[in-house]
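Working notes for the structure below.
Bear in mind that the values in this text are calculations on the coordinates, not laboratory data. The structure presented is a predicted model; accordingly, all values stated were derived computationally and were not measured. Counting neighbours? That spans all protein chains shown, and the Cβs are built from the backbone with ideal geometry, glycine included.
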Amino acid sequence: MKLFLADDATLIREGLASILERTGNEICGHAADAPQLVARLSALLDSGGEIDVLITDVRMPPNMSDDGLRAAAQLRARYPDLGIMVLSQYVAPGYAATLFDPMQIAATGHGGLGYLLKERVSRISDFVASLNAVAAGGIVVDPEVAAGLVRGKTSALAELTAREREVLELMAQGQSNSQIGERLVLSAAAVSKHVSNVFTKLGLPPGEENRRVRAVLAYLTATGAV
C-alpha cells in the first residue's frame, strides 16, 4: 500500500513509518500539523501521485483539538476515493461523528474509512489488516468504540436478533464474512444468511449500491456515532 502519515509526534510518526515499511508498504509523505497535512497531500494527489490510505492522529497542531480529524474530513470531501484511517489516544465515539458523517461517503467515492485506538498499532498484523480493509474500501471501527456505542442504548436496530446484531457489530469492526464465521464459529452459509437478514431488515435490497457500507453506517447512526 501507498500511505501518508500525519502525526505531530516525531517518534510516533517515524515508528509507524518503520513498522509499515518493514511489512512491505510505501510511505509517500508525512505531515506534523493539520495545515501541512492538507497542503502536502493535496499537492501530491493533484500532481498525479497515488495514496491508498491516509493515517492521521485526531489531535494535531495548530489547536491540538480535532484538527487532524477535520483535515481528514476536508480531504475526504475533495478526494472521495481517498482511504482514511484515524488514530485516537482515547475511546471517544464523538470524534467518529465527523469521520462517519454520511456526507463523507460520497456516492462516487470508494475510499474506506477507519477509526482505531493507537494501542492497536502495537498489534502489527491486526493494524496492517485494518489498513488493507480501508484500502479496499471497507469501514473499520475499533472494537472498544463499537462496544461503547451499543452499551445501554436502544435503536432502530431493534428488529435484529441478538446474533444478527453481533454479526453487524463485527461488520462495523471491518471483519469479512469468513472472519465473522471464525470469530462466531459459524459456517459460511450461516454467516451469509445472517448478513442477508441484516440487509433485509435495514431496508437494503439486492442491487442497493454499497450495501455493506450502508449497513455499517446505519449501525453507527442508530447507536449514536453519526
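Just to confirm a number: summing +1 for Lys and Arg and -1 for Asp and Glu over residues other than T161 whose beta-carbon lies under 15 angstrom from that of T161, what do you get? Display every interim value, and only then the final one.
Values: positive: R163, R165, K193, K201; negative: E159, E164, E166, E169.
Residues near T161 contribute 0 overall.
Report, by chain and number, residues whose modeled amide H sits under 5 Å from the one on G29, excluding near sequence neighbours (fewer than 5 apart, same chain).
Here L5 satisfy the definition.
Determine the gain in length on full extension of the stretch S65-A190; use 0.36 nm per residue of separation and subtract their C-alpha separation, reporting nm with one decimal.
Values: separation 125, 0.36 × 125 = 45.00 nm, distance 4.39 nm.
Stretched fully, the S65-A190 segment lengthens by 40.6 nm.
Mind ranking 115-123, 158-166 by how tightly packed they are, going by the mean number of other C-beta atoms within 10 angstrom, highest first? Don't skip to the end; give the middle numbers.
Numbers: 115-123: 17.2, 158-166: 14.0.
The densest-packed peptide leads the list: 115-123, 158-166.
I want to make sure I understand the PRE zone here: with the label point 7 angstrom from the Cα of E26 toward its beta carbon, which residues in region 35-68 have backbone N atoms less than 16 Å away?
44-54
Over region 31-71, what is the relative contact order in whole percent, taking alpha-carbon pairs under 8 Å and six or more residues apart? Each step should come with its number before you reach the end.
On the way: 37 pairs, mean separation 17.6, N = 41.
For region 31-71, the relative contact order is 43 percent.
Hey, can you rank 45-54, 71-80 by average C-beta count inside 10 Å, highest first?
On the way: 45-54: 16.2, 71-80: 19.3.
Result, highest mean first: 71-80, 45-54.
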